[in-house]
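What follows draws every value from the coordinates through simple rules; no lab data is involved. All figures in this text were calculated on a predicted structure; none of them were measured in a lab. Note that we place each Cβ from the backbone using ideal geometry, even for glycine, and neighbour counts take in every protein chain shown.
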Amino acid sequence: MTRKTVRIAMNGVTGRMGHRQHLVRSILALREEGGLDLGDGTVLWPEPVLVGRREHALKALADRYGLQHWTTDADAVLADETVDIYFDAQVTSAREESVKKAIAAGKHLYIEKPSATSLDGALELARLAEAAGIKHGVVQDKIFLPGLLKLKRLIEGGFFGRILSVRGEFGYWVFEGGWQDAQRPSWNYRAEDGGGIVADMFPHWEYVLHELFGRVRSVQALATTHIPQRWDERGKPYAATADDAAYGIFELAGGTVAQINSSWAVRVNRDELVEFQVDGTEGSAVAGLRDCRAQHRSATPKPVWNPDVPATESFREQWQQVPDNGEFGNGFKVQWELFLRHVALGEPYHWDLLAGARGVQLAELGLKSSADGRRHEVPELTL
């Protein structure tokens, strides 16, 4: 085996997602496995270069994981010809400028979503990357999760017949930060800092719907701020200017209708933090992050509405677990592996900056719909 090193500048890994999912559970996990076997006698060895603004935080991460390379000088890293890939998990408001610099430096790109704060910005990044001839990708981790992979298996096997509707429920109670610490950074709740659940989650819903059920053709949404005041990391109160809940209806190509509720102000009464129920003429399924339950037409009960007597059936017990039938890796790590193979071998990869722009477009139109109370068509994007 020949070992080939790929150096990855990782900007934003001091944040929760960049640290846990991208650095530890993806790049460092690959290193623990001995690298990525490319299948041609070559093992790709990822070498992270930690980048950020807080020197003490970077040094602490490097010391914790035995890493040698870290810096607060992002420009110097981009000028380093030995660095092959630039990864960005910064706050969204800081992403566009950094990505433009990486494109100008000729680095391959792999970035968190949303790719930009506006559709114009997202499309500009996609066009610049294409013109530069670099390889580029946007994180779209949900479609690599076990529950949605099982759901995809049902779809591809024709289990549903004609798919009628998709209903999604996502969210949990994010503490305000006053009497219990919040589970999310305070910038998420300030519109001026790029926060808001629509900007965060609608890009996810776009690629989940697009990949599994069809392109989103229209959106009607209501976004709101249920909790108007929160407390930041220093214990100071601040006005929550960004939306913390959104209720959306999406019309998909082919006629399927999707309804997805997203909220950071909801208490969980479901098996997982996100669940999708898919109903079709031949069967239905409910998929979460890991599990998927199904009910075929032949096993569908025949309930009768009678509010005067208690229900005697346990409806949840009438669904069947969809088996794993295989091993599932961490969704973030799986997509990293695909992107690294794309860079090293040129293998097909369509989760690119144009796909990322579709997510930004849906969020932008969702907020517009909420503001004017109208349904909006979602034009198909091209470069």
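Return the percentage of antiparallel bridges among DSSP beta bridges fully within the chain, rounded to the nearest 5 %.
55 percent
In degrees, nearest 10, range 0 to 90: what is the angle between the Cα axis of helix 55-65 and the longest Cα principal axis of the chain?
80 degrees
Return a whole-number percent for the relative contact order of region 21-180, with Cα pairs under 8 Å and 6 or more residues apart as the contact set.
12 percent
Of Ala246, Met1, Gly366, which is farthest towards the positive pole of the chain's charge dipole, taken about the Cα centre with +1 and -1 on the beta-carbons of Lys, Arg and Asp, Glu respectively?
Ala246
Lys and Arg at +1, Asp and Glu at -1: add these up for the other residues within a Cβ distance under 12 Å of Ala242 and post the number.
Neighbour charge sum, excluding Ala242 itself: -2.
Can you put Met1, Met17, Met10, Met201 in order, fewest other beta carbons within 10 Å first?
Lowest to highest Cβ neighbour count: Met1, Met17, Met201, Met10.
Calculated from the structure, percent of Cα pairs over 41 Å apart equals which of [x] 6; [y] 15; [z] 23?
[y]
Can you tell me the relative contact order of the chain? Whole percent, Cα pairs under 8 Å, sequence separation 6 or more.
20 percent
Given an 8 Å cut-off on Cα distances and at least 6 residues of separation, report the relative contact order of region 196-263 as a percent.
35 percent
Using only Cα positions of region 211-321, each an equal point scatterer, no hydration layer, compute I(q)/I(0) via Debye at q = 0.13, 0.17, 0.19 Å⁻¹ and quote the log10 values to two decimals.
-0.76, -1.06, -1.16
Step through the table entries Lys101/Lys135; Lys150/Lys333; Lys59/Lys107; Lys142/Lys236, compare each Cα-Cα distance with 26 Å, and write down the pairs that go over it.
In this structure, Lys142/Lys236 lie more than 26 Å apart at Cα.
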